[in-house]
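The values are calculated or read from the model by the stated rules, or taken from the named source; none is laboratory data. Given the structure is predicted, the values throughout are model-derived calculations rather than measurements. Cβ placement follows ideal geometry from the backbone for every residue including glycine, while neighbour counts extend to all protein chains displayed.
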Amino acid sequence: MAKLVLMLRIKDGIFFLKEWLERYESLVDEIVVLDNGSTDGTIEMLKIHPKVVDIVPTVGYNEGRDKILMYDHVRLRKPDWCLWLDVDEIFEQSLTREVLDKMMETKIIDRYAFRRFHFIDREHFAASPFWLNYSSGHDRILWREKPSGYFADLIIDSPNVKGINGIKAYTNFRIKHLGYINKALVDKKAEIYKNVLIGDQGIINTMYLSGEKGMKWIDEKNNINVILLNIKLNALLMKQFYFKGIGLLAKSFNSLFKKSTDVNIVT
């Protein structure tokens, strides 16, 4: 059976930590944590959990530095597959270890992608056209560990690993992102981002989901409403792929045209 190691970067995550540990203790083999200076009891809870095998301490906000350091520690555990999730991200119940084992036993696919939904309260997720289009994409990855994998050295960056080539499968498995349901936590995160993203208020504004239309979460993958939602999201994803493909073609044609023009000028 493949060894799956879960990565968690955290600071003062006690609000979600118990729920998070209970969800993933049956899904993964080991958990490697990087703690960025917690003082709310987070470290104490992590230390007594049997699946937590390493806790790496850092201070000062630098996502890239932390991810690179944690990946080094994860590789010491010799994983076959890796997964990065934040403490406010919970997989739907239909994703079981049995399902993950079937995914990981393949020799063909090297990455599995999952959808993430931003919740406005415990029972409803953001469902305006903007956020449904966002959720149609897949921004959390399970990947086969390879020496080519790396994280970018950026102060703020996506938690998705870079450098893992091969086939990527887009799944319909969903993740509940609960981080925006608690205004005090959002305010705290926004304050950090203000100090790092000077002059870029747009990202911070999206964290509050003010006036957002909510859709009730149904934690049953085979429910007809969930099936219909996934069909809609897959259609939106295909639309994104279409326009991305058009953009790449246009860029290629422009490049060829420029080269042709340069040749004619030289001639």
With the stretch 17-85 as the region, which strands (runs of 3 or more DSSP E) entirely inside it contain at least 1 residues that are in contact with a strand residue (DSSP E or B) (Cβ under 8 Å, 6 or more places away or on another chain) and without any contact (Cβ under 8 Å) to a residue 24 or more places away in the chain?
-> 52-57
Name the residues in the stretch 47-63 that are under 12 Å from Lys11 (Cβ atoms) and aliphatic (A, V, I, L, M), would you?
-> Val59
How about the stretch 105-122: which of its residues are more than 22 Å from Val87 (Cα to Cα) and surrounded by fewer than 18 Cβ atoms within 10 Å (Cβ to Cβ)?
-> Glu105, Thr106, Lys107, Ile108, Ile109
Residue count, the stretch 128-154 (criterion: within 17 Å of Met207 (Cβ to Cβ) and of a type in the set (A, V, I, L, M, F, W, C)) | 2
Mind listing whichever residues of the stretch 4-47 are polar (S, T, N, Q) and surrounded by 16 or more Cβ atoms within 10 Å (Cβ to Cβ)?
-> Asn36, Ser38, Thr42
Considering residues that are assigned to a strand (DSSP E or B) and of a type in the set (A, V, I, L, M), the number found within the stretch 86-106 is 1
Hey, among the residues in the stretch 155-170 that are among the hydrophobic types (A, V, I, L, M, F, W, C) and closer than 19 Å to Val74 by Cβ, which one's surrounded by the most Cβ atoms within 10 Å (Cβ to Cβ)?
-> Val161
Subset of the stretch 125-171 (residues that are in contact (Cβ under 8 Å) with a residue 40 or more places away in the chain, part of a loop (DSSP other than H, G, I, E, B) and among the polar types (S, T, N, Q)) = Ser128, Asn160, Asn165
Matching option when the condition is in the same structural domain as Arg77 (by TED's automatic domain parsing), on the phi < 0 side of the Ramachandran plot, touching a residue at least 12 places away in the same chain (Cβ under 8 Å) and part of a loop (DSSP other than H, G, I, E, B), among Arg111, Arg174, Arg115, Arg122 = Arg122
